[in-house]
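Below: one structure, written as structure tokens.
The values are calculated or read from the model by the stated rules, or taken from the named source; none is laboratory data. Please read these numbers as outputs of a predicted model, since none were measured by experiment. Cβ placement follows ideal geometry from the backbone for every residue including glycine, while neighbour counts extend to all protein chains displayed. With ligands, DNA and RNA removed, areas are computed over all heavy atoms of the protein, side chains included. Shrake-Rupley method; radii C 1.70, N 1.55, O 1.52, S 1.80 Å.
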Amino acid sequence: MRNLFLPEACKETQVHALSPQSWLQVERGKLSKSSSHASSSIEPLIKVPEPPILPFFKPADYVEVLAQIHEELETCHPHEKSSLYLLQFQVFRGLGEVKLLQRSLRAAWQKASTVHEKIIFGAWLRYEKQGEDLISDLLASCGKCTQEFGTLNIASQIPDDIELKAFETLGMIGGNRVSSTVFFRIGNQKIACDRQKIASLSGPFCAMLNGCFRESLREEIDLSENGISLSGFRIVSEFSETGSLNNVHPDILLEILTFANKFCCERLKDACDRKIASLISSKQDAVDLIDYALEENAPVLAASCLQVFVNELPDCLNDDQVVKIFGNANKHQRQIMAGSASFSLYCLLSEVAMARDSRSETTVCFLERLVDSAENYRQRQFSFHQLGCVRFLRKEYDEAEKLFEKAFSLGHVYSVTGLARLGSIKGNKIGSYEKLSSVISSHSPLGWMYQERSLYCEGEKKLEDLVKATESDPTLNYPYLYRAASQMRKQKVQDALMEINRVLGFKLALECLELRFYFYLALEDYRAALCDVQAILTLSPRYRLFEGRVAAIQLRTLVREHVENWMTVDCWMQLYDRWSSVDDIGSLSVIYQMLESDAAKGVLYFRQSLLLLRLNCPEAAMYSLQLARQHAGSEHERLVYEGWILYDTGHCEEGLRKAEESISLKKTFEAFFLKAYALADSSLDPSCSATVVSLLENALKCPSDRLRKGQALNNLGSVYADCGKLDFAAECYINALRIGHTRAHQGLARVHSLGGDRNAAYEEMTKLIEKARSNASAYEKRSEYCDRELTKADLEMVTQLDPLRVYPYRYRAAVLMDSHKESEAITELSRAIAFKADLHLLHLRAAFHEHIGDVSGALRDCRAALSVDPNHQEMLELHSRVNSQEP
């Protein structure tokens, strides 16, 4: 899935430092090694731009909106479901919940009730899966078909439901017997036709030939002025007798389509429509034919053209003709082309256009059509806000203000950010501050509200709002960036680094890495600066710094001149040290540097992918895995990486098969490890534990480095612990610790706990906390091995280190509930739910609401939770129970 936060699309600028003059020499390819970069020299130079106005649907109470959507899905007509799932998709996108929005998009496709919805959502899913051709190829090599979103047979999807009307025919007109043959003259030539067969084509023909018109008495009728050629009408005559069109030239078919539409020959028109649609074989065909489809209201042809266009996104938007077709379509034409799914179509087109260039005319045009296609207040909220964001980026402030005002008046509270920015631009910062204060006082305050208000005040007021913003939503980057930059200006170097490290401890944000990179440059800590820029390049190889003027790769080259070069053996030692201390960013940097050497790149890219998964960067991890496959040194190594690619994309059986293929070629550590891992995950049979143990033991007999052997020993210890073989488990963990696998302390703590020695378990976790650079999970695990007060202290530390971990909130809420502090317990859960749509948090809050008799609150949380996971059994049971209590 591509990054939904558009790169540079919704940002005026990126985080940057207006660097000292010597650093600007990077543009000329040179850097003075003697220049001074004391912290005081950047006091006026570090700049943090305002946070972007996100072009997303962001309701003030997303739980309420999700609950409403779920309730509507339970009772709505089937044809409304796809639109509701699209709205759900937009809610999850505003929350940044990538996996959940992908599921909603798939549900919209699965519940599509019209061919247009199937085309649009199928194309959308295909667009989201760009770059996954390799996965399809790998599945195909395992004999698994992956054409989920293949091209539809449009004609079969649109039923031929034209009624065969029996038009009344008369053999006598005015007492005169009329000939059964009628001649139609076109130019200087005539065609003999069966009068009643032609009459049966449509009401107008029946009236002409059998009614009270003069033509009904004639044996010859002139059709020269009706846009049909002799050869064309000959085909019409044949169709009147046979009911089919065979071997007709496309140009003649188009002529007949126009003629059939003019004379209301519905069966003939439908046959032409389907026949022409079947001839489309390229985008250019679709471009050439779409005008005919729209002018003659040919639904099969229009849908077929639409399918060609959207299936070629984003490339088809390079074609000005395609852009013009979508951009200039009026309401009637949109109805022909997309049926009732016009809003969905322009949602897709707008998203693609914004990903390419948010400021482009194409984006504006598509968003205007999106506004035109909106049918309800929610769709209008979203479309007005999104178009307002684009107008704002284009500095079309008057238009942007009108759009934000419309979205805000319809209830999209987040659009106040646009109104406030515009007020500030026009010199009314006080008005912007008051506008945000009004929103905060009239709604449950959210982090973005305080963050936005902080932009319109200074000093202590600003800092207070930024503290509240972080407390309300710790995922917001701007407060950390601003505080860190402020501390650096005051030459409080350690405080500045501590602040930026707070967010980097749980969220690998490029803009935060970038700011820390500038700090290290100013401090002349070039080794640390190199570490950060190499981490940035791992995540985004084309990233640019200094207001986008300098490529990160160029700066990296210059910084390296100030750092002692490591030999390959030094790099391996550094990697061991960083891996052992759970310094994932440092490990990423070392691997990036090692990839420049002659070392086996496949192994290094594989290690890189493991780190990126730990850092919650699944897209980057998958890219690294694909590079590992590309650089594999042998067939058996390539098969292992293919197995991991399949496993990580949810194809466990196929991943297992690749591991077995690799083992059949050569018995290696990685092949055995993959097979053990996949088998342990895919099998529910307890007896498979013995097989997993055997596989891991075989892996440990094969050559490998300490990093991987430590992981295998750790996994083996976990299997032994699950089976109750605590002595064997302890031995595995101790051996893993001996070779520097620090995380084995956690497994050894579990062994102590299972053996009844909680104090030893606590001490073991303390050792992990002391060694690990990233240790929020260690504090959380240690909290299981101590009394309540120490547990509370550890979990408070977890929330400080990683506020996205949900267990501490649930624990504190449960303690409060046990103490009969129901209101405080619900508040504790609500604190986390405000920024994280988590099933377990919603489930627990729903149970608390039920306990205190708040049926409506419980029902709301049940419905929102089922939006997160529709198949969660306990949630379904609670929902059923609560639903039965509703009056």
Projected area, mean over directions - the chain, Cα convex hull, nm²:
47.0
Round to a whole number: what % of the accessible area of region 166-315 belongs to carbon and sulfur, probe 1.4 Å?
47
Please compute the contact order of the chain in relative form: average sequence separation of alpha-carbon pairs under 8 Å and at least six residues apart, divided by the residue count, as a percent.
10
Over all directions, average the projected area of the Cα convex hull of region 756-887 and note it in nm².
9.2
Report the dimensions of region 574-662 along its three principal axes from the alpha-carbon atoms, largest first, rounded to Å.
35, 28, 20
Using a cut-off of 17 Å between alpha-carbon atoms, which aspartates and glutamates can reach residue 675, once sequence neighbours fewer than 8 places away in the same chain are excluded?
635, 637, 642, 648, 653, 654, 660, 661, 685, 697
The answer for residue 222, listing residues at least 5 apart or on another chain whose modeled amide H is closer than 5 Å to its amide H, is 185
Given all pairs of distinct Cα atoms, region 406-475 yields a Kirkwood Rh in Å of 12.0
Beyond 20 Å between alpha-carbons counts as too far, so tell me which of 709/781; 507/767; 99/129; 461/507 fall in that bin.
709/781; 507/767; 461/507
Which value, in Å to one decimal place, does the Kirkwood hydrodynamic radius take for region 502-571 when every pair of different Cα atoms is included?
12.5
Carbon + sulfur, % of accessible area of region 570-703 - ligands and nucleic acids excluded, 1.4 Å
51
Ranked output for segments 637-643, 763-769, 124-130 by mean other Cβ atoms within 10 Å, highest leading, reads 637-643, 763-769, 124-130
Excluding residues fewer than 8 positions from residue 275 in its own chain, the lysines with Cα under 23 Å of it are 118, 165, 197, 262, 283
How large are Rg and Dmax for region 206-266 when only the alpha carbon atoms are used, in Å?
12.4, 37
Given 37 °C, 0.692 mPa s and a Kirkwood radius over Cα pairs, the Stokes-Einstein diffusion coefficient of region 101-142 in µm²/s is 294
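Determine Rg/Rh for region 757-797; Rg is computed over alpha-carbon atoms and Rh is the Kirkwood hydrodynamic estimate from the same atoms.
0.94
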Just the number, please: percent antiparallel of the DSSP beta bridges in the chain, rounded to the nearest 5.
80
Counting only heavy atoms of the protein chains, get the accessible area per residue of region 375-473 (1.4 Å probe) and round it to a whole Å² value.
43
Counting only protein heavy atoms and a 1.4 Å probe, tell me what percentage of region 741-834's accessible area is made up of carbon and sulfur.
46
Å² per residue, accessible surface of region 691-759 at 1.4 Å:
46
Report D for region 548-620 in µm² per second (integer): Stokes-Einstein, Kirkwood Rh on Cα pairs, 37 °C, 0.692 mPa s.
248
At a probe size of 1.4 Å, how large is the accessible area of residue 636, to the nearest 10 Å²?
40
Computed over region 613-712, Cα set: Rg, Dmax in Å:
13.1, 37
Taking a probe of 1.4 Å, how large is the accessible area per residue of region 97-144, in Å²?
42
